[in-house]
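For reference, the structure discussed in these notes is given below.
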Amino acid sequence: MAKDNENGVDRRGALECMVWAGTGLLWTVAGGVPKVQQILGTTPANAQAATGFTFAQISDSHLGFARPENPDTNATLQEAIDRVVAAKDKPAFMIHTGDISHLSKPAQFDTADKIIGSSKLDVHYVPGEHDVIDEDNGKAYLDRYGKNSKGKGWYAFDHQGVHFIGLVNVFDLKAGGMGNLGAEQLAWLADDLKGKSASAPIVVFAHIPLWTVYQDWGWGTDDSMQALDLLKRFGSVTVLNGHIHQIFQKVEGNVAFHTARSTAFPQGEPGKAPSAGPMLMPEGKLKTVLGVASVTVKQGTHALAIVDTPLLAG
Amino acid sequence: MLSAFQRALAARTIPLVFALAFPCLAVPAAAEEIHVKIDNFVFVPDTVTIKPGDTVTWENVDDIPHSLVSKTPGAFRSHPLDTNDTFSFVFATAGAFDYFCGLHPHMQGKVIVAP
Ligand SMILES: [Cu+2]
C-alpha cells in the first residue's frame, strides 16, 4: 500500500497504514522540517540534507510483557535498536516515548537500559503510564530517568537549532479522564517558550497523544489544548507520541501530529477492536504488516506526504 | 417411633438449638465477598451494592494491567494488577465509592455500601 496525500491524512488512510511492532522511527531534520522514515527493514534514511541531522524514536517497549501477542518483548526491542544502529544516517540521539516497562519493576528498567544502551546513543525519555505504577508513584522512573528534568520528569533541550520538549502526561490522572499535563507543567511550558522566535522549529514528545485520537479509549490528553495554544505561534511544530501502538497522524495548522509504533505488540483499531488491548496477529502475517513508511512534513504547506510499503506483499 | 412429621420437626429444631447455644455464630448474614471482573477495559459489573463489612474482590482477566483508585483520595488503592491478579478490599462503612483505573482512567466503577 502506498499513500500520498497532499491534503493531510484522512483517518481511514492512517488506519490502513497501521502495522505491527518491532520498529522505530528515524527522523530527519533538514532546514527545520522534520521528515519521518520507517526504518524497519529495507530502506535506510537517505533524505538527510547536508545541513540536517537525524534522530530516532522508539516507543512502548513494555519489557516484562510476555503473552501470545509477543512472548519475547526483549528480542523485539533489541531488533528495533539494531535497526536504529544500522541505519545509514546515524541518528544523533534517540527518544523513547514511554512504556519502557510493563509494570515499573526495577528488573524491567534494568533490561531496557541494557538493550537500549547497546545503541550507544543518548536517549531522551518520557514516561508512559506503565512506567509510574511502582509503589512510590513514579519514583522508580524519576530516580532513573528524571535526573535533569523538572517537576515530574519534563524537560527541554536544543539540538542544532531545533527545540525539543519532553512532556509528561501520565501522572495525576483523573477519573473519567485521559492523559493529564497539569497546571505546573503548563506554566513551565509557557515559561520555556517565552521569548523563543516563532521561526524556531519545535519538536514536542510525550507518551499519550496530545490530541484526541479516540476518547472512548482515553487516547488523548485532557489539557493538551492549553499546551497547543502555547505552540500556536510557531511556524513548525511536530508532536511525537506513542501509547496507541499504531501509526496515526494528522496536521492541524502548523502542527504535525504523529504516533509511533510499539516495539512490543500492536493494539486494535479504535472503534473496531473490542478493546484497546494487545492484538494477536495471525501466524506468519507479521511481515505483511511490517513495513517501510516515510512521512515528509513540508514547512508552510500544511500537508504530509506519506508512503507506506510492507516488507512482504500481502 | 417418630412420625415423619416429628422427624422433620426435630431436624429443624437442632440448628435452632445450636443457634441459641452459640449466639455469636448466629449473627445475621455473614459478610459476603463480591466479585468484580476486569475484562476488555471494563469493570463487570461496573456497579455493585453491598453491605458494610462485605469484601469486594477484583480480578483482572484482561491481557493488560489495570489498577483501582478511589475517586475520594485515600479511600482505597490497589497495586497494579497484572493478568489474573486480584485485589480485595473490605468496605466497613456505608457510602458510595466511585473508583477508576489508575492506568486507564476512562474505566470507572462504583461500590455502593448500604446497610
Ligand atoms: Cu486499566
Can you name the residue in the stretch B:25-39 that is open to solvent by less than 80 Å² (accessible area, probe 1.4 Å) and at pLDDT 95 or above and, of all such residues, is nearest to residue B:102 (Cα to Cα)? B:38
Candidates A:143, A:122 - the one that is farther than 19 Å from residue A:264 by Cβ and within 19 Å of the chain's Cα centre (by Cα): A:122
Selection status of residue A:168, closer than 22 Å to residue A:125 by Cβ, in a loop (DSSP other than H, G, I, E, B) and in contact (Cβ under 8 Å) with a residue 12 or more places away in the chain: yes
Take the residues of the stretch A:237-269 that are in contact with a helix residue (DSSP H, G or I) (Cβ under 6 Å, 6 or more places away or on another chain) and in contact (Cβ under 8 Å) with a residue 40 or more places away in the chain: which is surrounded by the fewest Cβ atoms within 10 Å (Cβ to Cβ)? A:269
Selected residue (criterion: modelled with the lowest pLDDT) from residues of the stretch B:47-105 that are of a type in the set (A, V, I, L, M) and away from the ligand (no atom under 15 Å from the Cβ): B:75
Restricting attention to the stretch B:91-115, and to residues there that are surrounded by fewer than 21 Cβ atoms within 10 Å (Cβ to Cβ) and of a type in the set (Gly, Ala, Ser), which single residue is nearest to the other protein chains (Cβ to nearest Cβ)? B:96
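The values are calculated or read from the model by the stated rules, or taken from the named source; none is laboratory data. The structure presented is a predicted model; accordingly, all values stated were derived computationally and were not measured. Glycine also receives a Cβ, built like all others from the backbone with ideal geometry; neighbour counts cover every protein chain displayed. SASA here: full protein model, heavy atoms, side chains in, ligands and nucleic acids out. Shrake-Rupley method; radii C 1.70, N 1.55, O 1.52, S 1.80 Å.
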